[in-house]
Amino acid sequence: MSTNSNTQWGSRIGFILAGAGSAIGLGAIWKFPFWAGTNGGAAFIIPYIFFTFTIGIVLLIAELTVGRSGRGSAMHALKVAGGPIFAVLGALTVLSSYIILSYYSVVGGWCVKYLVDSVLGNLVSNDPKLLSANFEALVTNGPVNLAWHFVFLSITCGVIALGVVRGIERLSKYLMPTLFILMIFIIIRSLTLPGALQGVEFLFKFDPSTVTLGNILNAMGFTFFSLSIGSGIMITYGAYLKNNTDIPNSSLWISYLAVQTAILAGLMIMPAVFALGQNPNAGPGLVFVTIPLVFSQIPMGGLFAVLFNVCLVVAALTSAVSLLEVVVAYMQNEWRMSRQKSTMLCYVTLFFVGGVSALSFGPGADFKIGGRILFDFLDYICTNVTMPLGGLTVAVLAGWIAWDRTLKQINLVRQYSDGVNRFIRFSLRILAPALVVVVIATGI
Ligand code: PHE
């Protein structure tokens with residue numbers, strides 16, 4: 001039997017917060033605000049909410065049921081339910097998590113660096129040129145970038161070495177509520193600035209001319225990324241679920257928390273950005289350049305800069321640990337290594353693999369694949385190919401090949417109505433595969 005097959009979450013709320021912690025990451029806090037802004041506001045938010053509560057939640061349910069009935073690594077669970085081909089696809093989800101973590105940790109390192117700077121009072125400045133130059137200097141300076149990647153990776157590995165309950169669950173139980181509370185404080189600050197309402201309008205305005213296929217597809221891609229679907233995470237977390245945890249209900253909670261946080265992140269950032277007349281479409285620089293600039297100009301800005309960076313680090317860390325758990329669970333189960341040894345092996349190799357991505361901004365910027373630096377290339381492949389492929393794998397397996405197991409797992413705690421069960425079956429068999437194929441095709 002696999003080595004961590006006896007591990008179980010300590011409580012249902014602990015599991016929900018860990019799942020939400022995985023979902024709520026840089027996607028919600030950093031990507032969502034400017035994506036919503038640039039993709040038509042309500043024309044992006046409405047389909048995003050729609051996809052989350054239809055195929056998003058159904059795929060979450062499917063991953064958790066596959067995980068709980070398989071009890072082991074993501075690969076093991078897929079193999080048990082679907083045979084050798086699915087074992088290979090399962091191994092691909094593990095590889096995908098490993099690669100995502102390698103570059104996610106680089107961005108996590110920037111978040112930690114900005115947190116440290118904000119605590120020391122060195123972050124905010126009212127000179128936009130200086131702020132962009134500082135950000136540019138950080139990402140292009142090889143050794144500095146590597147050092148912060150190392151710091152973030154060390155924290156992530158430390159949590160995973162402590163285990164599922166003492167590490168991941170405890171971390172999420174403390175940090176996720178903290179995140180929600182801090183966000184509320186920042187939103188109040190942001191919304192009470194003169195001119196803030198323009199930011200709210202920018203996020204939620206509905207302009208029929210922005211309802212385009214492109215915006216809708218972007219919303220769908222974002223739904224996948226933001227719920228961490230297709231990377232083996234929910235399969236792995238599902239393996240630690242007790243039999244008396246209701247999967248559809250827990251999935252609803254995780255999806256709800258993810259959507260709520262993304263919208264709160266928009267409300268935290270956009271009103272302040274507008275109140276100070278900054279550019280809401282500043283893209284990747286939004287949280288590292290525009291936000292420090294904004295904080296430099298509002299009362300108690302220094303304090304709010306610290307709070308904001310705590311939010312970023314918390315969001316990044318709870319997602320990073322979920323990615324690492326997929327890989328460590330795999331090594332424990334398939335390679336029969338102890339948790340400590342598996343974590344150590346990941347620690348060392350991820351430092352180098354992620355390091356290559358870290359260097360791709362500066363010293364390695366000339367090395368390009370398909371016109372992209374390595375960091376962008378890996379992100380592109382994972383978000384547009386491997387994650388949707390993972391989602392497709394799970395949909396086909398849970399909806400067609402192992403539907404009986406799925407049905408049993410869904411209704412294990414309470415019997416859901418025929419309507420609900422039929423909706424899940426239809427979504428897994430038809431809707432999700434069709435939409436995933438569209439995501440992959442348009443992504444490529
Ligand atoms: N859901 C995370 C976010 O929004 C990203 C992520 C994707 C994490 C895939 C794990 C796996 O940032």
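The values are calculated or read from the model by the stated rules, or taken from the named source; none is laboratory data. Keep in mind that what you see is a predicted model, and the values were worked out from it rather than measured. Note that each Cβ is placed from the backbone with ideal geometry, even for glycine, and that neighbours are counted across all protein chains shown.
With respect to the conditions (1) within 16 Å of the ligand (Cβ to nearest atom); (2) more than 23 Å from G163 (Cα to Cα); (3) among the hydrophobic types (A, V, I, L, M, F, W, C), I229 lacks only one, and its number is (2). Given the condition in a helix (DSSP H, G or I), under 17 Å from the mean Cα position of the chain (by Cα) and within 16 Å of the ligand (Cβ to nearest atom), answer yes or no: does some residue in the range 68-84 qualify? No, the range 68-84 has no match at all. Checking each residue in the range 1-17 for being assigned to a helix (DSSP H, G or I) and over 20 Å from the mean Cα position of the chain (by Cα) picks out only R12. Kindly indicate whether A43 is in contact with a helix residue (DSSP H, G or I) (Cβ under 6 Å, 6 or more places away or on another chain), more than 16 Å from the ligand (Cβ to nearest atom), touching a residue at least 60 places away in the same chain (Cβ under 8 Å) and more than 18 Å from F225 (Cβ to Cβ). Spelling it out, A43 is indeed in contact with a helix residue (DSSP H, G or I) (Cβ under 6 Å, 6 or more places away or on another chain), more than 16 Å from the ligand (Cβ to nearest atom), touching a residue at least 60 places away in the same chain (Cβ under 8 Å) and more than 18 Å from F225 (Cβ to Cβ). Of V287, V314, all but one fail to be in contact with a helix residue (DSSP H, G or I) (Cβ under 7 Å, 6 or more places away or on another chain), within 13 Å of the ligand (Cβ to nearest atom) and farther than 23 Å from S97 by Cα; the exception is V287. Condition (residue is modelled with pLDDT under 95, of a type in the set (A, V, I, L, M, F, W, C), surrounded by fewer than 24 Cβ atoms within 10 Å (Cβ to Cβ) and within 16 Å of the ligand (Cβ to nearest atom)) applied to the range 53-61: is it met by at least one residue? No - not one qualifying residue is present in the range 53-61.
Is at least one residue of the range 18-31 modelled with pLDDT under 90, part of a helix (DSSP H, G or I) and within 16 Å of the ligand (Cβ to nearest atom)?
Restricting attention to the range 18-31, the residues satisfying the condition of being modelled with pLDDT under 90 are 30-31.
Of the ones still in play, those that are also part of a helix (DSSP H, G or I) are 30-31.
Next, from what is left, pick out any that are within 16 Å of the ligand (Cβ to nearest atom): 30-31.
Scanning the range 18-31 turns up at least one residue that is modelled with pLDDT under 90, part of a helix (DSSP H, G or I) and within 16 Å of the ligand (Cβ to nearest atom).
When L146, L131 are checked against the criterion of being assigned to a helix (DSSP H, G or I) and under 30 Å from Q297 (Cα atoms), a single residue qualifies: L131. Among the residues of the range 173-226, those identified as surrounded by fewer than 21 Cβ atoms within 10 Å (Cβ to Cβ), at pLDDT 90 or above and among the polar types (S, T, N, Q) are T178, T192, Q198. Apart from one condition, V396 fits all of (1) in contact (Cβ under 8 Å) with a residue 40 or more places away in the chain; (2) out of contact with any strand residue (DSSP E or B) (no Cβ under 9 Å at 6 or more places or on another chain); (3) buried (at least 19 other Cβ atoms within 10 Å of the Cβ); the exception is (1).
Residues that are at pLDDT below 90 and assigned to a helix (DSSP H, G or I) were ranked within the range 32-41; the one that is surrounded by the most Cβ atoms within 10 Å (Cβ to Cβ) is A36.
A residue that is within 16 Å of the ligand (Cβ to nearest atom) and closer than 23 Å to V88 by Cβ can be found somewhere in the range 393-411.
Out of D404, D379, one residue alone is of a type in the set (D, E), part of a helix (DSSP H, G or I) and under 30 Å from F150 (Cβ atoms). It is D379.
Against the test of being basic (K, R) and closer than 30 Å to I57 by Cβ, the options R372, R414 yield a single qualifying residue, R414.
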